[in-house]
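Step one of this worksheet: look at the structure below.
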Amino acid sequence: MVIGAGQAGLSSAYHLRGAGLDHVVLDANPAPGGAWQHRWPTLRMATVHGIFDLPGMHFDPPALDAPAFTAVPAYFAAFEHRFGLDVQRPVRVSSVSSLPDERLLVATSQGTWHARALINATGTWTRPFRPYYPGAETFRGWQPHTADYRGPAAFTGRRVVVVGGGTSAVQTLLEIAEVTASTTWVTRRPPVFVEGPFDQEYGRAAVAKVEDRVKAGLPPRSVVSVTDLPWTPAMAEARARGILVRRPMFSRILPDGVSWPDGAFEPADIILWATGFRAALDHLAPLRLRTPGGGIVMDGTRVAADARIHLVGYGPSASTVGANRAGRAAVREIRELLEARTAAGAPVVA
């Protein structure tokens, strides 16, 4: 069974199909596209931070001004259709637990399933992370996360503090700066800008930075968090206009703004948290996979404590460049696991 039909889930389903393993894909979304269908309408393909092919089907880049929230889902939908993938949606998984016969019981909004192995590909989009800073509860303005962002219109004429040093922070900052009364950009660490393409070689180097943490059972940092920011002409123009100027992280939130330890104050109507996401794994809680440190010890894509469970799109495979290879690796190990059990008369199904 596969939970999730984003890049990681579809890649896994493709390889399961190629291996001849019976399987089903459960997807909580109403339509193909994974998290891409929830991106803000003003996000264009020109600013998307790297999309790589799904296995067996080339992604023909659409026009640079095409909205990402329609272009990428259209590609995913075509992929599902071409390879006849069995994707059930919308199906929300509430829990995964063990049965006495070593099968897994998957409880969902549409009934229950039994599985002998599971590829979890639920990603992070449903778990936006908002760090706490003293005084947050006193703020009289609005505190959206980038997961809530639907374009610059809601920020018109407002004083906005954008928090975060990733690509989403910069993209939204540049968009809203055209309509706001003022913008202030704050990050915990100085951002690093690099010139050149976000290609597969660069992506693999970023993936490698995440892998050691999950091997140690620590909560992973996202792949996006360890990639530098691509330097573009639009960013150069924004810096020249005084928009892309970073300030250090504030220490306190006040009812009408934010303050720093030296007493500096910035008035604000909105604090936009572009602070990333956490892995959506709550439904796996009955399996007790987490370590005391909060992470899950991984051996490749396989959970070290339970050979039935593979996490694809988690840690080093939480990127379009990592998900395809991880899906193939997970299916290979699942095939070996299930074949080892056929002597007991168990059917080879995933």
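List of remarks:
- If you go through the range 290-299 and pick out every residue that is farther than 23 Å from Arg188 by Cα and either crowded, with 20+ Cβ neighbours inside 10 Å or of a type in the set (Phe, Trp, Tyr) (or both), you end up with 2.
- Residue identified as under 17 Å from the mean Cα position of the chain (by Cα) and modelled with pLDDT under 95 among Gly50, Gly33: Gly50
- Against the criterion of being at pLDDT 65 or above and either under 22 Å from the mean Cα position of the chain (by Cα) or within 26 Å of Leu54 (Cβ to Cβ) (or both), Gly166 qualifies.
- Residues (touching a Phe, Trp or Tyr at 6+ places or on another chain (Cβ under 9 Å), over 30 Å from Ala153 (Cβ atoms) and of a type outside the set (Gly, Ala, Ser)) located in the range 262-285: Leu281
- Filtered by the rule that a residue be of a type in the set (S, T, N, Q) and over 19 Å from Gly4 (Cβ atoms), the range 33-86 gives Thr42, Thr47, Thr70.
- Restricting Ala234, Ala285, Ala330, Ala323 to those that are outside the structural domain of Leu104 (by TED's automatic domain parsing), in contact (Cβ under 8 Å) with a residue 60 or more places away in the chain and part of a helix (DSSP H, G or I) reduces the list to Ala234.
- Cβ-Cβ contacts under 6 Å between residues 6 or more apart (or on different chains), taken from a first residue in the range 150-162 that is more than 15 Å from Leu43 (Cβ to Cβ) to a second residue that is among the acidic types (Asp, Glu) and surrounded by fewer than 17 Cβ atoms within 10 Å (Cβ to Cβ), are absent.
- Within the range 257-277, the set of residues being of a type outside the set (Phe, Trp, Tyr) and surrounded by 15 or more Cβ atoms within 10 Å (Cβ to Cβ) comprises Gly257, Val258, Ser259, Glu266, Ala268, Asp269, Ile270, Ile271, Leu272, Ala274, Thr275, Gly276.
- If you go through the range 71-102 and pick out every residue that is without any contact (Cβ under 8 Å) to a residue 24 or more places away in the chain and either more than 19 Å from Val25 (Cβ to Cβ) or not assigned by TED's automatic domain parsing to the domain that holds Trp113 (or both), you end up with 3.
- Test: residue in the range 79-88 that is among the hydrophobic types (A, V, I, L, M, F, W, C), surrounded by 18 or more Cβ atoms within 10 Å (Cβ to Cβ) and assigned to a loop (DSSP other than H, G, I, E, B): yes
- Residue that is nearest to Gly166 (Cα to Cα), among those in the range 246-278 that are touching a Lys or Arg at 6+ places or on another chain (Cβ under 7 Å) and part of a loop (DSSP other than H, G, I, E, B): Thr275
- Qualifying positions in the range 98-109 - loosely packed, with under 14 Cβ neighbours inside 10 Å and within 25 Å of the chain's Cα centre (by Cα): Ser109
- Residues in the range 27-51 that are surrounded by fewer than 16 Cβ atoms within 10 Å (Cβ to Cβ) and not in a helix (DSSP H, G or I): Pro30, Ala31, Pro41.
- Restricting the range 114-173 to residues that are assigned to a loop (DSSP other than H, G, I, E, B) and among the basic types (Lys, Arg), the residue that is surrounded by the fewest Cβ atoms within 10 Å (Cβ to Cβ): Arg140
- Criterion: at pLDDT 95 or above and acidic (Asp, Glu) - qualifying residue of Glu211, Glu137, Glu201: Glu137
The values are calculated or read from the model by the stated rules, or taken from the named source; none is laboratory data. Note that the structure is a prediction, hence the values are computed from the model and not measured. Cβ coordinates were reconstructed from backbone atoms using ideal geometry, including for glycine residues, and neighbour counts include every protein chain displayed.
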